[in-house]
1. At 37 °C and 0.692 mPa s, grab the translational diffusion coefficient of the stretch 1-73 from Stokes-Einstein with a Kirkwood Rh over Cα pairs, rounded to a whole number in µm² per second.
2. Do you know the relative contact order of the stretch 157-304, to the nearest whole percent, from alpha carbon pairs under 8 angstrom that are 6+ apart?
3. Need one number: nm distance between label points at K127 and A61, each 7 Å from Cα along Cα→Cβ, rounded to one decimal.
4. What's the ranking of 43-53, 84-94 by average number of surrounding C-beta atoms within 10 Å, highest first?
5. If you take the beta carbon distance between A112 and S232 as r and set R0 to 45 Å, what does 1/(1 + (r/R0)^6) give as a FRET efficiency, to the nearest 0.05?
6. Taking 35 Å as R0, compute the FRET efficiency from the Cβ-Cβ separation of E214 and A281 and round it to 0.05.
7. At 0.36 nm per residue, and after removing the present C-alpha to C-alpha distance, how many nm does the segment from A202 to I257 gain when stretched out fully?
8. Using the C-alpha atoms of the chain, what convex hull volume per residue, in cubic angstrom, is computed?
Amino acid sequence: MSRSYRLLASLALVLALIVVSMGAWVRLSDAGLGCPDWPGCYGQLIGVPEAAHEVTRAEAAFGKPVEAPKAWKEMIHRYAAGTLGLCILGLAVLAWRQRARRGPWLEIVLLAVVIGQALLGMLTVTKLLKPVIVTSHLLGGMTTLAILALLWLREHRPARPAATSATSAGLRLLAAGALLAVLVQIALGGWVSSNYAAAICADFPTCQGSWWPEMDTHHAFTLDRELGATASGALLPGAALTAIHFTHRLFAGVVLIVVGGLGVLLCRQPLLRRHGMALLAALALQISLGIANVLLQLPLPLAVAHNTGAALLLCATLAAVARVFEREKARGRVPAAGFPRRFEVVR
C-alpha cells in the first residue's frame, strides 16, 4: 500500500484508542445523556447551548435542563468519533483504488462496523443507556480498534520474514484461547460498566466481606431490560449487580492464567520474546488497574485508564497471536538455492 495509506492507518489507530478512552470518560462521568438528541446537541450540530437565550430555547424544546459541561463531553466524543469515521472512509477509498494488488475487504468490513457504531451511538441516547446497547457500543469500539490494529500490523510486517523456529500446535491453540479470553473479559467489563456495577464490591480479594457473596445471576445476565431494572420492570436487586461484578472478577483469573501463560511461553522463544514481554506488561497493568479501582472506589482517572488498559491488552494480544500464526506460515516458504527470489518454491 501507499505511504499515505500507512500514515492514515497509523493515525486512525491512535485516534481509535483515544475515542475508546473518551467513550469511557463520557460514560463514567455520567455524561452519556448530556445531549438528549443525535447527532447534534439540543438541536445544534456545532457546540452546545450556553448563551441564556440558547439555554431557554433548548430547555423548552427538549423538556430537560441543559448541563453544558456534560453536553460538551458528549459532543467532543462525537467529534472525535466522526473524525475517526472520516479516516476509516479514507482507508476504504485508498484500499479500493488499489484492489488489483490486494483485496480491500477488511477495510470495507471496518467501514461497515463504523456505520454500525454510529447507529449504536444514536440508540444509546434514544434508548436511555439501555445496558445491552451501551455494551454493544463499547464492543463495537473495541472491534474498530482491533481491525485497525490488524491493518497496521499487516502494513508493518517484514517483507522478507527471517528464518523461524517451529511453533507448536499447542502454542497456536493457546494463542487463540488467549485472544478469546480477552474478548470475553472485555464484554464482561462492558457489562459491568453499562450496569454501573463496578463499585458494588469495595474490598479485594473478597467481595462484601465474603469469598462467595450472594448473587442473582438470572437477573444479572438478562439482556433485554432497562438500566437498573429487571425484565419485568422491577428494581434490579443488589445481588444482580454483585453477580455482574464478581463474574468479571472471576474471569480475570482465567485471563491471568491463559494470557499470562502465553506471555511466559513467548518470552522463552528469542524471536517472540518482545511480544511476550509486551503481553505480560499489558496484562500486569490491567490487573493492577482493576484492583486499584476496587480499593480506591473507582476514581474517574483510574476507571478511564482501566478501559484504556483493556484496549492496550487487546492490541498486545492481537499482535502476539498474529505473530505466532504468521511465523508458522512463514516456515514453509524458502528461496531455492541459486535462483532469484521471484522463483521461490514452497516445500
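No lab work stands behind these numbers, since they all come straight from the coordinates. Keep in mind the model is a prediction, meaning the values are calculated, not measured. Heads up, the Cβs are rebuilt from the backbone with ideal geometry, glycines too, and the neighbour counts pull from every protein chain shown.
1. 233 µm²/s
2. About 26 percent, as a whole number.
3. 2.6 nm
4. Those peptides, ordered most packed to least, come out 84-94, 43-53.
5. Efficiency for this residue pair is about 0.80.
6. Once the sixth-power term is evaluated, E becomes 0.45.
7. Residue separation times 0.36 nm, minus the Cα-Cα distance, leaves 17.4 nm.
8. 154 Å³
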